[in-house]
Amino acid sequence: MVSNIQKSTSTTFTSFIKSKWRSNTSTKSSRQYASSPSITDIERDWVRHSALKLALDGDYRAPLHDSLRSGGSEVLDIGCGAGFWTTDMANNYPISHFTGIDIDKSVFPTTLYRVARNIVFQRVDLLELPLPYEDDTFDFIFIRCMMDVVPDEAWDDILRELVRIMKKGAYIECMETYPDLFDAGPNMSTIMQRNLLISLSICKTPEMQSVASAQNPLPNRMAAIDQLMSMQIKHIHTPVGRHGGPVGSLLLEHWNRIIQSSKEKWIQQKLITEKQLAAAVQEIAKEVDENQTYMSWYSVVAQKKGYKGPIIRIEDFDNPER
Ligand SMILES: C[S@@+](CC[C@H](N)C(=O)[O-])C[C@H]1O[C@@H](n2cnc3c(N)ncnc32)[C@H](O)[C@@H]1O
C-alpha cells in the first residue's frame, strides 16, 4: 500500500508545478544541464527541497535571520533550478533581495505565476568566470546539490570567485548529499549505483571520477581559502521510506522520480535491463523500510573575513520566544 503522504504529494504537486513552471522551452545556451529538465526533474527537485526543509526545520543554517528580516540584504542562489529555495526565501524575507542563477533559464518560474517582487532570475553559467557581479555584492550565497553538475576540478576557481563577490562579513552556505545511500538493500543499491555512474559521467577521466566520488570536496576546499573564517560543518541524516515519516516518504518519492527520469538512459547505456529495473522498482518501497535506509548530507557554512561594522540585532517584543 502507498502511504497517504506519497499519494497526496504525487497527485497534488504535479498540477501545482505545471501551473508554476514551464518545462519544455529550449535554451540557446552553449552549455546545458545535460538536457533541459522534464516536469519529472522539476518535481523531483521540489520533493527534495520540501524534504530538506522539513528535515532542517528551515531553509538555511547561516546566522542571518535578523539581517535578512531587517531588509536590504542581497542573496544569491547558485544553480537555483526552478527557484524553490529562492522563492520560499523571498516570501519569508520580503524586504531583502534574491537573485537566482542557473545555466538553464527554461526552468525559471513563468511570468504566468506571480513571482515575488524581490526576486530576479538570471541565466548565468557558473563555469564562465568571472561571474557578472561586482566585488562585495552579496550578503549571503547559497549553493545546494551542485556537486554532481559541476566538474570537480572547477570548484577551486568557482569558490574563489564566489568569495570575491561576497561582502566582508557575508556568509556562504553549501549543502550536498553524500552519493551513497546507507543501509540500502540489494535493489536500492542497484538503483543508486546506476545513478552514480550517470552522474559521474560529467567527469571525463577515471581519475577525476574517483576524486569526485571519494571526497566531500567543498569543506576541504573552503577551508583552504584564506578569506573565509568560522567554518562550521553539520551532518544531517535523512530516512528514505515510510519508516521515516514525512521526510522519508518525500525522499522515497524523490528516488522514484530519479528512476522515472533516468530509466531510459540506464537502459540505453546497458547499465541495467528493463526487466531487472522493473523487478528492482517493485521491491524498493518495502526494502527501504525493512533496512531503515537513509541518506546523509553535509552543510557547510563560512563567513568572509574583514567586517568591522555594527551587528544587526532585532528585539521582537511581540514574540515571547525570541
Ligand atoms: C540538482 S539541480 C539543484 C537545484 C537547486 N539548487 C536545488 O537545491 O533544488 C542543479 C542545477 O544546477 C544547474 N546547473 C548545472 N550546471 C550549471 C552551470 N554550469 N552554471 C549554472 N547552473 C548550472 C542546473 O541547470 C540545475 O538547475
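On a 30 Å Cα-Cα criterion, which of the cross-link pairs Lys234/Lys270; Lys263/Lys286; Lys53/Lys167; Lys234/Lys275; Lys105/Lys275 come out too long? Don't jump to the answer; show the numbers that get you there.
On the way: Lys234/Lys270 37 Å; Lys263/Lys286 20 Å; Lys53/Lys167 26 Å; Lys234/Lys275 40 Å; Lys105/Lys275 36 Å.
Result: Lys234/Lys270; Lys234/Lys275; Lys105/Lys275 exceed 30 Å.
Would you mind ranking Arg160, Arg194, Arg221, Arg117 by Cβ crowding within 10 Å, fewest neighbours first? Could you put the intermediate results ahead of the total?
Values: Arg160 14, Arg194 23, Arg221 18, Arg117 9.
So the residues, fewest neighbours to most, are Arg117, Arg160, Arg221, Arg194.
Among DSSP beta bridges lying fully in the range 35-304, give the percent that are antiparallel, nearest 5.
Once the DSSP bridges in the range 35-304 are tallied, antiparallel ones form about 50 percent.
Compare the Cα positions of Ile78, Leu54, Gln193 along the charge dipole of the range 35-304 (+1 at Cβ of Lys, Arg; -1 at Cβ of Asp, Glu; about the Cα centre) and return the one farthest towards the positive end.
Of the candidates, Leu54 comes out farthest on the positive side.
For the range 229-244, just list the computed ³J(HN,Hα) in residue order, Karplus coefficients 6.51, -1.76 and 1.60, θ = phi - 60°, integers in Hz, with x standing in for Gly and Pro.
Ordered by residue, 3J(HN,Hα) equals 9, 6, 6, 10, 10, 10, 9, 10, 10, 10, x, 10, x, 5, 4, x Hz.
Read the figures in this text as sums done on the coordinates, not as results from a lab. Remember, predicted model here, so these are calculated numbers, not experimental data. We place every Cβ from the backbone using ideal geometry, glycine too, and count neighbours over all the protein chains shown.
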